[in-house]
Amino acid sequence: MEGDSFLKQSDEYRLLEVYDQQRRESKVRQERCFYAQMRAPTTGDEGFRDVADKLSQIVESGSIVGDDDGLEHDGHSDSDVDIDRLVELLKESGDELDEKIKRNHVLLEYLQKSFTYSMFEKLTTTFIKSAVPEHQQSVRKREQIAWTFEVTSRLKALDLHPMSRVMGFGAKYIKDHFTPWVQQHGGWEKAFDVHDDDDEEEVH
């Protein structure tokens, strides 16, 4: 993927790494492992920990709507059907997601052969529509961003592709769809200020 080196040095990629690590550590803590905190975030990324925590809180407090109108397609091509099935499976997490994907040989083969940025973008956009109704997306940017981080983390956990490829796609998607909004709100830490109780507002 072009621009991989640039993406890996971006704030979006580094924040994805911190988010993914903290989500994994949280799962280990839930399983009562005493070594959950042994690995620290990448040096220099400590400032992202609060942002990653806020993103996790948004995901944990949110809900994913099933059979939302946003998942309907005018046409019913195989790729549309596969995207919808993947979205439904991605609503699961952890071992359950991994097992369901690997049991479904058709979807597994589809992922292995068709995992491009275009496919990732379509999958993530469709997933977000199931979590944030389309008519509310202009005023619920933080939720959309949080779910993008979560989708990337769940796909990475499948170990179907090189970690950097999934993470690179996630970083590019965030840059393409959300970075301007984040910049307009003063950067990642200000946009996700844990002390900011104000609701999101539309930015033109």
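Data for the structure
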item	result
Pairs beyond 26 Å (Cα-Cα), from K91/K113; K102/K175; K8/K54; K54/K102; K8/K122	K102/K175; K54/K102
Rounded if a/c under 1.5, otherwise prolate or oblate - the range 80-137, Cα gyration tensor axes	oblate
Two-site label geometry, E99 and V81: point separation in nm, points 7 Å out along Cα→Cβ	2.7 nm
Förster radius 22 Å - calculated FRET efficiency between R24 and D50 (Cβ-Cβ, nearest 0.05)	0.80
Separation in nanometres of the label points that stand 7 Å from Cα toward Cβ, at E189 and H135	3.9 nm
Projected area, mean over directions - the range 114-176, Cα convex hull, nm²	4.0 nm²
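Every number in this text was worked out from the coordinates using simple rules, so none of it is lab data. Computed from a prediction, not measured in an experiment: that's the story for all the values here. Methodologically, a virtual Cβ is constructed for each residue, glycine included, from the backbone with ideal geometry; neighbour enumeration extends over all protein chains shown.
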